[in-house]
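Peer 1: Dropping the structure in here first, questions after.
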Amino acid sequence: MPRTAQAAEMPSFGTLDREAGNLSRQVAEALREAVRKGDLRPADALPSTRALAASLQVARGTVVEAYEQLIAEGFLESKAGAGTRVALALAEPPPAREPRVTSSQAAQAGLPERAEAFARIGREFKPLPPVPFAISVPTGMTAPDDIWRRLGNRLRARGPASPTGYADPQGALALREAIADYVRKSRSVRCEADQVIVTSGTQQGLFLASEVLLGPRDQAWVENPAYRGVTAILESLPHRDAMVRVPVDAEGLDVEAGIRLAPKARAAFVTPSHQYPLGMPLSMARRAALLAWARSAHAWVVEDDYDSELRYEGYPFPALQGLAPDRVVYLGTFSKILFPSLRLGYVVVPPNLVDAFCGARVLMDRHPPTADQHVLAAFMTEGHLERHVRKVRNVYAEQRLGLIETLEALLPRELAWIEPGDQGMHLVLWLAARLDDRQIVQLAADEGIAVRAASPMFAAGTARPGLILGFGGFSSAQMKEAARRLAAVIAAAAK
Ligand SMILES: Cc1ncc(COP(=O)(O)O)c(C=O)c1O
């Protein structure tokens, strides 16, 4: 049961400084502080504005204004008939700072080196709390609407989503057919349903690809910078030189550099539609060069197509897979366009790789949970996904412009500037070279802001400080307020 907070129960409230003026800002700050200290917890009910005003001996309007500000920031939520409460979304634990185990603990336990890599990865990969600027938070306009819930209820009660025995490791046929149809139409991927393997997100697709495609001495190209989810996989392989970092420039992956560095690599992991995290697409000339190399080297191209639905100017680039379906392993996900906790994605592989991918999949977790696969299949075949993508694209386009405008107004260019781009659900905010992005991430977390540092995405010795800011899921008011606090954090760190 949520507790009802009384002003007197909140020691952090202290006394208001009537001389300092702006009492409603002081009330808001005192409430924020109470949440930060844990005096008020997520879902706790706040006193009525009348009661709090009486207890603080201020005008009721002062408290009303403070509550409204905190609702706009996402600290509080208010429902008709249920009063005002501390937002439930704040319940997610903040990113843990204390390591759970140290690498020497893994060594002491007599575990192989790979276990140390896993321990490091485990410490690094913590979800961000659902506050600005966490990426892909399905709230408000970007959350799937009631249809998702209704379909789920119906199919779970009577349909194919009700409990069953073991199922096909490749994934439910209905979903594979819906995915094949979707990627053929929207991404020009050339495939049939029997080439689709349903995964629990792209992360599993990347792991499967490394397990299946790379032998014990093989090397793989990876973009520099790149998504930590892929570089961490390659770092964890027993072969120390497995990962070859290939620079990217304005046209995307520098294929000639890759050939110079590792001409015989077995695979190239790339984000051709929207380089992660920088955002540029791979140019046509580079696409042709990459595929020509892959053919001559008998290498595989692993195409991570994580958010290509979200292009705001013009149409999304067609997938690389369509140009070479026999050489490309194509990875897609519903994390960005629906929601990450769904944990559903897919791999599209050439027909001769299907058995190996399915076998590796069986050993990992046998098959994806069946119920949500059927709900998603129905959501797609009934046309809801397409509508949802259109809606989300509009919301994100607007949010993106709003955030750029806000940040540009708040941040002097010599301290921070935005990487241009017209796609996706995140921005890169580069920081002046003297700033430490990891430190800013921690300071921002203390201010209730969730950002990721760009520097860990680079190979050692090439890092640039920057922040990755997601702009989905939050209202303009929440993002404005968070941007203001982030700008203050950056300015303070620069002093
Ligand atoms: C470039 C890239 N690839 C893959 C993923 C993993 O997504 P999923 O949730 O499908 O595992 C992400 C998620 O942020 C990403 O940014």
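The values are calculated or read from the model by the stated rules, or taken from the named source; none is laboratory data. Just so you know, these numbers come straight off a predicted model, no measurement behind them. So basically every Cβ, Gly included, is an ideal-geometry build from the backbone, and we count neighbours across all protein chains shown.
Peer 1: Quick one: count up the residues across segment 462-479 that are at pLDDT below 95 and surrounded by fewer than 22 Cβ atoms within 10 Å (Cβ to Cβ). Before the answer, list the steps.
Peer 2: Going through segment 462-479, the residues at pLDDT below 95 turn out to be 470-479.
Subset that is surrounded by fewer than 22 Cβ atoms within 10 Å (Cβ to Cβ): 475-478.
So the answer is 4.
Peer 1: Could you list all residues from segment 106-162 that are crowded, with 18+ Cβ neighbours inside 10 Å, among the polar types (S, T, N, Q) and part of a loop (DSSP other than H, G, I, E, B)?
Peer 2: Ser136
Peer 1: Suppose the filter is outside any helix (DSSP H, G or I) and within 16 Å of the ligand (Cβ to nearest atom); does Val329 pass it?
Peer 2: On the way: outside any helix (DSSP H, G or I): yes; within 16 Å of the ligand (Cβ to nearest atom): yes.
So Val329 fits the description; yes.
Peer 1: In segment 196-221, what count of residues is obtained for those that are acidic (Asp, Glu) and in contact (Cβ under 8 Å) with a residue 60 or more places away in the chain? Walk me through it before giving the result.
Peer 2: Keep residues of segment 196-221 that are acidic (Asp, Glu), which gives 211, 218.
Then keep just the ones that are in contact (Cβ under 8 Å) with a residue 60 or more places away in the chain; that gives 211.
Of the residues in segment 196-221, 1 are acidic (Asp, Glu) and in contact (Cβ under 8 Å) with a residue 60 or more places away in the chain.
Peer 1: Moving on to the next point. Can you find a residue that is more than 17 Å from Gln204 (Cα to Cα), at pLDDT 95 or above and either surrounded by fewer than 24 Cβ atoms within 10 Å (Cβ to Cβ) or away from the ligand (no atom under 16 Å from the Cβ) (or both) anywhere in segment 354-370?
Peer 2: Taking segment 354-370 as the starting set, the residues that turn out to be more than 17 Å from Gln204 (Cα to Cα) are none.
No, segment 354-370 contains no residue that is more than 17 Å from Gln204 (Cα to Cα), at pLDDT 95 or above and either surrounded by fewer than 24 Cβ atoms within 10 Å (Cβ to Cβ) or away from the ligand (no atom under 16 Å from the Cβ) (or both).
Peer 1: Can you pull out the residues in segment 343-353 that are within 16 Å of the ligand (Cβ to nearest atom) and buried (at least 21 other Cβ atoms within 10 Å of the Cβ)? Spell out how you get there, then give the answer.
Peer 2: We begin by selecting, within segment 343-353, every residue within 16 Å of the ligand (Cβ to nearest atom); these are 343-348.
Matches in segment 343-353: Leu344, Gly345, Tyr346, Val347, Val348.
Peer 1: Going by the structure shown, is Ala297 away from the ligand (no atom under 14 Å from the Cβ) and out of contact with any helix residue (DSSP H, G or I) (no Cβ under 8 Å at 6 or more places or on another chain)? Before the answer, list the steps.
Peer 2: Numbers: away from the ligand (no atom under 14 Å from the Cβ): yes; out of contact with any helix residue (DSSP H, G or I) (no Cβ under 8 Å at 6 or more places or on another chain): yes.
Yes: the conditions hold for Ala297.
Peer 1: If I go through segment 300-326 residue by residue, how many of them are hydroxyl-bearing (Ser, Thr, Tyr) and either within 15 Å of the ligand (Cβ to nearest atom) or surrounded by 24 or more Cβ atoms within 10 Å (Cβ to Cβ) (or both)?
Peer 2: Of all residues in segment 300-326, those hydroxyl-bearing (Ser, Thr, Tyr) come to 306, 308, 312, 315.
Among the residues that remain, those that are also either within 15 Å of the ligand (Cβ to nearest atom) or surrounded by 24 or more Cβ atoms within 10 Å (Cβ to Cβ) (or both) are: 306, 308.
Residues flagged as hydroxyl-bearing (Ser, Thr, Tyr) and either within 15 Å of the ligand (Cβ to nearest atom) or surrounded by 24 or more Cβ atoms within 10 Å (Cβ to Cβ) (or both) within segment 300-326 amount to 2.
Peer 1: Does Leu410 count as modelled with pLDDT of 95 or more and either within 20 Å of Gly140 (Cβ to Cβ) or not assigned by TED's automatic domain parsing to the domain that holds Asp305 (or both)?
Peer 2: Working: modelled with pLDDT of 95 or more: yes; either within 20 Å of Gly140 (Cβ to Cβ) or not assigned by TED's automatic domain parsing to the domain that holds Asp305 (or both): yes.
Yes, satisfied.
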